[in-house]
Amino acid sequence: MFRNNPFWSQLLLWVALLTATSARADNHSLEQLQRPWDELLKRTVQPDGRINYADLAEHDDQLRGYLQALRHTTPAADWTRPQSAAFWLNVYNAYTLNLAVQYYPVLRLSDIKVKTVSGYRPVWDAPEVNVGGKVYSLNQIEREILPQLLPHDPRRFVALHCAALSSPTLLPEAYDGSRLDAQLNEQTRRFVNDKQRNHLTADAVQVSSLFDWHATEFGETAELIAFLNRFAKAPIAATATVQYLPYDWTLNDTSVNGIMAHQHGR
């Protein structure tokens, strides 16, 4: 009916152009939003993955400015799933660093109890995250929001940072929806091959407790080894034994050695 009608052809062309323009605008807006966080990560994350929290606490204007921007940002319904996932990964990691700065100097975030109207709560359960005027806890982001955006994708656990020595180190750049899959692969590859956190040989692996805590998604033994082999530099035998390493919750501060650092003679 409309195939040979020049009016409808022109209208469809304009709709297509407006849609493409809107998508580019969304990407540009998100890039603008994440730029301070991206710059902060590039400046703050050390080569060994640790954070100079003393310096961050003394010069926290950029972090506070980014968190203030998040308070005025409502996730858009027309964001793609990767855009939304990248957004919430950045939110989680930024607020984790903010909690460490807020209570610095502190030995472990896991020792902190945050005062709320309903009593004292662990940092992971406290409603400390403000996005678009709504408050969330870190656990809500990890357990409720991200599983919907990255379903059955255990790489999301490696992208989340808990400011501990045994935690996967922060990717030294903001997550970006247009590159999210590649970034998650890079982050997981870095973590799996990180000899401070996982010890891999062909016949035996000693891996982070993170893989044990989330075994329902990483899998156990055979499934876990298959997952590790997707990212490991050297192949691991399907019959390899699996052990889980103790998790060091010591703050990953440049001034703290912690259990792992002592074990490796640092």
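Structural remarks
- Label zone at A69 (point 7 Å along Cα-to-Cβ), backbone N below 19 Å, region 76-96: 76-77, 79-80, 83-96
- Relative contact order of the chain: 20 percent, from C-alpha pairs under 8 Å at least 6 residues apart in sequence.
- Count of Lys pairs (Cα-Cα under 24 Å; at least 8 positions apart or interchain) in the chain: 4
- Nearest-ten-degree value, helix 61-71 long axis tilted from longest Cα axis of the chain: 50 degrees
- Stretching the chain fully between E31 and K195 yields a gain of 55.7 nm (0.36 nm per residue, less the alpha carbon separation).
- Each label point was placed 7 Å from the Cα along the Cα-to-Cβ direction; for H59 and A202 their separation is 4.8 nm.
Computed from the coordinates by the stated procedures, all read-outs in this text should not be read as laboratory data. Everything numeric in this text was worked out from a predicted model, so none of it was measured. Virtual Cβ from ideal backbone geometry, glycine too; neighbours counted across all protein chains shown.
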